[in-house]
Amino acid sequence: MNIRNAVIGSALAVLALSGCARETDLRPVEGASLPPTPYGADTQPDADDLLERPAQAAPERSVELRTRSEEREQDPFDLPPEG
């Protein structure tokens, strides 16, 4: 009985994971349409255009990350709480 459950569980896992590798083009569900044409645009963007992120949505990092601990500079406005 345990071997049977293991085989069935393995088969279900393989079936579930096989769907993860499926790649198809994105398109609207039947009966649905893409969003309306943006104001001022000449053409209706397709699904690929809508999936592209503008630079403002994912800006590149412009500051170097610190690679080691460094002493913080003295901050004249770092005051203890009142009271």
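Grab the other residues whose beta carbon is less than 15 angstrom from that of ASP49, score K and R as +1, D and E as -1, and report the net.
Result for the neighbourhood of ASP49: -3.
If the convex hull of the alpha-carbon atoms of the stretch 9-83 is projected onto planes in all directions, what is the mean projected area in square nanometres? Numbers along the way, then the final one.
Values: hull surface 63.0 nm².
Answer in nm², one decimal: 15.7.
Helix 2-18 sits at what angle to the longest principal axis of the chain, using alpha carbons and giving 0 to 90 degrees rounded to 10? For helix 2-18, the angle is close to 70 degrees. For the peptides 65-75, 35-45, the ranking by packing is 35-45, 65-75, with the highest mean count of neighbouring Cβ atoms within 10 Å listed first.
Here the Kirkwood formula, the inverse mean of 1/r across different C-alpha pairs, assigns the stretch 13-54 a hydrodynamic radius of 13.1 Å. Scoring 2-15, 51-64 by mean Cβ neighbours within 10 Å over their residues and listing the highest first yields 2-15, 51-64.
None of the figures in this text is laboratory data; all of them are computed from the coordinates on show. Here the structure is a predicted model, which means the values were calculated and not measured. Counting neighbours? That spans all protein chains shown, and the Cβs are built from the backbone with ideal geometry, glycine included.
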